[in-house]
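Following: one structure in structure tokens, then a few remarks.
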Amino acid sequence: MQNVKKVVLAYSGGLDTSIIIPWLKENYHCEVIACAVDVGQGEELFPLRKKAIKTGASKIYIIDAKKEFVTDYIWPSLKANAIYEGRYLLGTSFARPIIAEKIVEIAKKEKADAVCHGATGKGNDQVRFELTFKALNPDLKIIAPWREWDIKSREEEIEYAEARGIPVPVTKKKPYSMDRNLWHISYEGGILEKTWNEYKDDMFLYTVSPEMAPNKPTFVEIYFEKGVPKKLNGKAYGPVELIFKLNDIAGKNGVGRIDIVENRLVGMKSRGVYETPAGTVLHAALRDLECITLDKETLHYKELIAPRYAELVYNGQWYSELRSSFDAFINHAMRNTTGTVKMKLYKGNCLAVARKSEYSLYDENIATFSKDAVYNQKDAEGFINLFGLSTKVGGILKRAKKIK
């Protein structure tokens, strides 16, 4: 501990990082620089500057990384159809690498010899932070208080904060762990730790209850360019503005809530409740557009690597060679995925109801059930005979009882 002179803390102002500043000063006797990375937390960032200094930080950086977060992390994951265990849209997973990246940059600027995060020893975030630290500056010492201090629970954290007069955004009666960015909000802990407890509707910030959503559907047209969303209802938006706008549209229709039990990297199961309104709609829309712009073999291969891509992101391996190699394939595959998808949003559901692209591989003249001059149905007989040859041989041998 005596070797650490200056540490940069990934600071959110939440329960964990609020008490880490005084803990570092009491135990490491070092200078603490707080660094908050804005990935769309909104009003949560407003009190951080005053709060960090009051609790012992020598200075605080608040870095606006929203655009970079969307273009460099969200869009690649979206184009990869990366959804962990088929349901989780990775809102927290890909936010951690960009936060860690900015922490490393500040550590270099301030000539700090250590970095610190508030992730617990039970969770995935410790891996996501630390793998990024190691990838970008392996010489930095990493401090993880949850693996060092004697505090064992959120209740004890609250007591620690109260004893030092530190205001925290949770209470013993509502000890939710909430993570918010422009892509999603996650909720864990408290009553959610019992899988039979239903979540409370007043918990949500981005979405209304489907029961309270409008009684008429809302239609939204999303234009993609090479797999990247560019327009809503014909109007162009920047990457950050597009997500905020679609969050509002989808959230008002109750779209984007999930309640899941997932498998954490560290081996345990964890229950999380998430709301990802814009992300839910964009994933569904892009998947539908791919169906007309990608050939069968490419589409099916993308489907094969999507779960692996999601696993890499979930496991904190953003800077792995495999993920960047996947990106090379995906960017090439998506070069013609340009077009518009019309989505129908209604009481928690989102459905693609129309799609068009100048690069569409769908040919109405071939697919039609009406008379056409392109497809000779007699050709199907020879195709079936060849395609089914091994099946036929197997049937002959089984009938002759030569194979079982």
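Read-outs: derived from the displayed coordinates by stated rules, not from any lab. Remember, it's a predicted structure, so these values are computed and weren't measured experimentally. Glycine gets a Cβ as well: all are built from the backbone with ideal geometry, and neighbour counts include every protein chain shown.
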With label points built 7 Å along Cα→Cβ from the Cα atoms of LYS141 and TYR362, find their separation and express it in nm.
6.1
Considering the dipole of the stretch 175-281 built from charges on the beta carbon (Lys and Arg +1, Asp and Glu -1) around the Cα centre, which of GLY251, SER177, LEU232 is farthest to its positive end?
LEU232
Amide H within-cut-off set for LEU140, under 5 Å, with H built and near neighbours excluded
none
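Rounded to the nearest 0.05, what FRET efficiency do LYS59 and ALA236 give with R0 = 35 Å and r taken as the Cβ-Cβ distance? Could you check? Intermediate results must be reported in sequence, preceding the final value.
Numbers: r = 38 Å, r/R0 = 1.10.
Between LYS59 and ALA236 the formula returns 0.35.
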Between LYS122 and LYS245, how high is the FRET efficiency from 1/(1 + (r/R0)^6) when r is the Cβ-Cβ distance and R₀ = 35 Å? Nearest 0.05.
0.45
Placing +1 on the Cβ of each Lys and Arg and -1 on the Cβ of each Asp and Glu in the stretch 275-404, which of HIS332, THR368, LEU345 has its Cα farthest towards the positive end of the resulting dipole?
THR368
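How high is the relative contact order of the chain, in percent, with contacts defined as C-alpha pairs under 8 Å that are six or more residues apart?
Working: 709 pairs, mean separation 68.0, N = 404.
Reported as a whole number, the value is 17 percent.
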Part-to-part distance (alpha-carbon centres) for the stretch 2-39 and the stretch 197-254, which is given in Å
36
Which order do peptides 128-135, 179-186, 363-370, 192-199 fall in by mean Cβ count within 10 Å, highest first?
179-186, 128-135, 192-199, 363-370
Where nothing but the Cβ of Lys and Arg (+1) and of Asp and Glu (-1) is charged, how large is the charge dipole of the stretch 313-404 around its Cα centre, in debye to the nearest 20?
780
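Rounded, prolate or oblate for the chain? Axes are the square roots of the Cα gyration tensor eigenvalues, ordered a ≥ b ≥ c, and the cut-off for rounded is a/c under 1.5.
Numbers: a/c = 2.15, a/b = 1.89, b/c = 1.14.
Since a/c reaches 1.5 and a/b is larger than b/c, the shape of the chain is classed as prolate.
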Place the peptides 301-309, 68-76 in order of packing, highest mean first, counting for every residue the other Cβ atoms within 10 Å and averaging per peptide.
68-76, 301-309
In Å, the C-alpha Rg and Dmax of the stretch 94-198 are 15.7, 49
Give me the one-decimal nm value for the distance between modelled label points at LYS6 and VAL374, 7 Å along each residue's Cα-to-Cβ direction.
6.6
Computed lengthening from ILE258 to SER390, 0.36 nm per intervening residue step minus Cα-Cα distance:
43.1 nm
What are the residues whose amide H is under 5 Å from the amide H of GLY238, where those residues sit 5 or more places off or on another chain and H is modelled from the backbone?
none
Between the modelled labels at LYS50 and TRP149 (7 Å from Cα along Cα→Cβ) the distance in nm is 2.4
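So, with +1 on the Cβ of K and R and -1 on the Cβ of D and E, and no other charges, what is the size of the charge dipole of the chain about its Cα centre, to the nearest 20 debye?
Here the size comes out at about 740 debye.
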Most positive-pole-ward Cα, TRP318, SER270, LEU304, against dipole of the stretch 256-331 from beta carbon charges:
SER270
